[in-house]
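K.L.:
Mind looking over this structure? Questions follow.
The values are calculated or read from the model by the stated rules, or taken from the named source; none is laboratory data. These figures come from a predicted structure and were not determined experimentally. We place every Cβ from the backbone using ideal geometry, glycine too, and count neighbours over all the protein chains shown.
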Amino acid sequence: MVQLGVYALGLFLANLRGAKAKDPLSLSQSDWDVFNATVGGRLGRGVPFARDCFNTAGPGVGPTAPGTECGSVQSKYADNAFRAQLYGPREVTQWEICQKTNKGCLLDSNNPGNTSAYSPPAVCYQGSVSPYYVDIRDSNQVAQSFAFSKRTGVPLSIKNTGHDFLGRSSAPGTLSLWTQNIKYINYSAEFIPEGCKANYKGVPALTYGAGQDMDSLFLFAEQRNLTFIGGSWRTVGAAGGWAQGGGHSVLTNTYGLGADRVVQFKVVTPDGHPRIANACQNSDLFWALRGGGGGTFGVVLEVTSEVVPNVVPTVSFSWTLTPTPENLKAFLTILVENAVRWSQEGWGGYVYTPAGIIANPILNASQAAESLKPITDFFKTATDGAGGAAGSGGQGQWAEYSSFYPLFTAIVSGSGIPNPKNRAIASRLIPKSLFTTAESSTLVDAALQAINRSDGAASFYFATPFSYDVKKTQQGESSVTPAWRDAVWHALVDIEWSWDGGANQAKATYEKAGYAMDPLRKLTPGGGAYQNEADVYEPDVSQSFWGSNYSKLLAIKNKYDPDGLLDCWHCVGWKGKETPIASCYV
C-alpha cells in the first residue's frame, strides 16, 4: 500500500523559486547519483524502446534497457501489454519521437523486422522519451522528485501506462515520474472516504494503485461478482489520465464516467505533501482531479472508485455494414433519429465505420430486440450496391452475457483497438438538441462529411453519461466539461500515418483530423470535446475541454502548484508552446 507519512522538505526547498527549465543531460552523474539515493535507487535511464536494434545511437541515448533486446522488441512490437510494462514505449508511437525534427527510434509498425528502419545509416535518437525517470512506488519518492525539480530546474512529466493521444506523458528534456508499477487492488463493501462523517453512507468500492490496468480491475471485480466501470482497452491505467480526464465506457450511459465514480484519491501535490482528496477533505482538489486532466494537480498514487455491487448482465448487438454512400446515409439517419431514445433505454457502445457494437445492461433480450428494430429492419433491406439482393448490405448479430467481463473480453476489448502506430485524433461531444427531427438531417450530413474527409476513419460513440445523474451521488459533480452531461454522442476521427512519415506527414495528418471534425464543430459552437481523445491542436482548448469549469480549475491549479512544477500540453494552466516540453510538437 502507498504510505502517506508526512514528509518535510525543510531547507531543501529554500530560495528555489523561479528556476528556469534545465536540460537533464547538463547535470553531472554525481548530481543524479545523489538524487537516486533520495528515491531509494529507483532512478532509471529512459531508453527508446527499439534502441537495441540500432547500431548507432545519438547523443545522450542510454544503453539498452533490460528486456528490450532487439529480437524481443521486434516480436512484441505490437503487443500493448508488453509495451505498458516498460518505460520507453508509448501506445501512440509518434510520442516516442521528436516529430518536429523527425528524430526518434521507431521500427516499421507494419513489419518490425524490416531492417531498413534500423540498419546504417539509421540512428536511434532520444526523441520525446525522457532521458531519466523515477520508478515511483511511494509518496516520498514523489516529494523528493518535486524538490529535485525545484532545486535544479529540470522539468517534470508523468507517465502511467503510456496511453496518451496528446503526448502529455512524453516530454523531451524532463525527469519523468513513472507510476505504472504501483499495483494492488482491495475491495470494500462499504467504503467511507477518510475524514467523512458517520452519516456518509458507505459504498461498494475498489481501492487500487496508480498502475492498475483495466483488464486486471475487470477480472478482480468479475471474480467477486462485482462490476467495475472502466474503459475498453485492456492496458489503460485506470487511475491515470482516463479517470482524471473523464473516462468513458460502454456502460457510461447508465453508470457514469470514470471521473464520476471516483470517491477518493491519494495524491502528492507539488509542495511535496501527500494528501487525501475526497468530498470531505481537500474537496477542491478532489473536484479538480475528477476531470481536470492528468499530469496537472499532483501525482496520483491511489484511487478508490465505486463499483456496481453485482454482476451486470448485458445484451449486445454487433454488425458490419457495406459502406456504400446510400447505406451510410440511411444507417446514420436511423442512428440519429433513434439516438436519444436508445440512450434513455440504456444503450451504450461504439459505432465505427463500417462496423459497430452496442450493449444494454437494462433491457432483456426481447426488449432489446424491440428497441433496435429500426436497425434490424434496415439490415433486412439494405443491399451491397453491387447487384446483391436485399439483406446483402450488412449483417447483425445478437449476444447475451451473464456479466460484463465476457463482453469486454470477447467483443469490446478486441473491437477497433489498433496496434501501436502514429495516430491523429479529433473529437466532439454532440448535444441532444441536434438529434431532434428538425436538426437530424443536418447532423447526418455533418457526420457523413466527417466520414468522407477522414477516408472512413470516423466513429460515433454512445459513451456519454446522458442517463446518469452525478448530482445524486455523495461525491457530487466532477470537473469534466458540462458538455458531457447533455451529449448523446462522442464523435471521433482517428487517422494513422506512416512510421517514417516525417514532420510534414505528421502535420498534414493532424490537419486532416481537424478538417474532418470541423463540420461537427460548426454545429456545436461553444461546445466541448473529450480531452483524452481530442485534436492535438484543438481550437479554444479551455472551452472545449472544460467549458465553464476552467476558471475554477485554474485557481485550484495555482493554489496547489504555484510554481508550475507540473506542466503539460493543453493542460490546465499550461505554459505554452515555447517551453521545452512542447519543443517536439509540429
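K.L.:
Of all residues in region 363-387 being without any contact (Cβ under 8 Å) to a residue 60 or more places away in the chain and of a type in the set (Gly, Ala, Ser), which is surrounded by the fewest Cβ atoms within 10 Å (Cβ to Cβ)?
P.N.:
If we take residues in region 363-387 being without any contact (Cβ under 8 Å) to a residue 60 or more places away in the chain and of a type in the set (Gly, Ala, Ser), then 387 is surrounded by the fewest Cβ atoms within 10 Å (Cβ to Cβ).
K.L.:
Still on this model: Filter region 189-219 for residues that are of a type in the set (Gly, Ala, Ser), free of Cβ contacts under 8 Å to residues at least 60 places away in the same chain and either part of a strand (DSSP E or B) or closer than 20 Å to residue 235 by Cα (or both) and give the result. Don't jump to the end; show me each part of the working.
P.N.:
Step one: of region 189-219, the residues of a type in the set (Gly, Ala, Ser) are 189, 195, 198, 202, 205, 209-211, 216.
Those still in the list that are free of Cβ contacts under 8 Å to residues at least 60 places away in the same chain too: 198, 202, 211, 216.
Hits for region 189-219 are 211, 216.
K.L.:
Give 231, 241 a once-over and let me know the one that is assigned to a loop (DSSP other than H, G, I, E, B) and either under 25 Å from residue 135 (Cβ atoms) or in contact with a strand residue (DSSP E or B) (Cβ under 7 Å, 6 or more places away or on another chain) (or both). Step through it out loud before you land on a result.
P.N.:
On the way: 241 fails: assigned to a loop (DSSP other than H, G, I, E, B).
The match here is 231.
K.L.:
A further question on this structure: Does region 494-549 hold any residues that are more than 26 Å from residue 233 (Cα to Cα) and of a type in the set (Phe, Trp, Tyr), and which are they?
P.N.:
Answer for region 494-549, where residues must be more than 26 Å from residue 233 (Cα to Cα) and of a type in the set (Phe, Trp, Tyr): just 515.
K.L.:
Hey, among 134, 154, 129, which residue is in contact with a helix residue (DSSP H, G or I) (Cβ under 7 Å, 6 or more places away or on another chain), modelled with pLDDT of 95 or more and not in a loop (DSSP other than H, G, I, E, B)? Please lay out each step first, then the result.
P.N.:
Numbers: 154 fails: not in a loop (DSSP other than H, G, I, E, B); 129 fails: not in a loop (DSSP other than H, G, I, E, B).
After applying the criteria, what remains is 134.
K.L.:
I need every pair where a residue in region 558-586 that is within 15 Å of residue 146 (Cα to Cα) has its Cβ under 6 Å from the Cβ of a residue that is among the polar types (S, T, N, Q) and not in a loop (DSSP other than H, G, I, E, B), sequence separation at least 6 or different chains.
P.N.:
565/149
K.L.:
Report whether or not residue 231 is closer than 18 Å to residue 530 by Cα and in contact (Cβ under 8 Å) with a residue 12 or more places away in the chain. Write out each step before concluding.
P.N.:
On the way: closer than 18 Å to residue 530 by Cα: yes; in contact (Cβ under 8 Å) with a residue 12 or more places away in the chain: yes.
Judged against the criteria, residue 231 is a match.
K.L.:
So, one more: Hey, among 179, 207, 174, 227, which residue is of a type outside the set (A, V, I, L, M, F, W, C) and under 23 Å from residue 348 (Cα atoms)?
P.N.:
227
K.L.:
From the list 203, 154, 123, 129, exactly one residue is surrounded by fewer than 22 Cβ atoms within 10 Å (Cβ to Cβ), in contact with a Ser or Thr (Cβ under 9 Å, 6 or more places away or on another chain) and not assigned by TED's automatic domain parsing to the domain that holds residue 247. Which is it? Working first, answer last.
P.N.:
Details: 203 fails: not assigned by TED's automatic domain parsing to the domain that holds residue 247; 154 fails: surrounded by fewer than 22 Cβ atoms within 10 Å (Cβ to Cβ); 129 fails: surrounded by fewer than 22 Cβ atoms within 10 Å (Cβ to Cβ).
When all the criteria are applied, what remains is 123.
K.L.:
With respect to residue 360, is the statement that it is within 30 Å of residue 545 (Cβ to Cβ) and either among the small types (Gly, Ala, Ser) or surrounded by 16 or more Cβ atoms within 10 Å (Cβ to Cβ) (or both) true?
P.N.:
Values: within 30 Å of residue 545 (Cβ to Cβ): yes; either among the small types (Gly, Ala, Ser) or surrounded by 16 or more Cβ atoms within 10 Å (Cβ to Cβ) (or both): yes.
So residue 360 passes the test.
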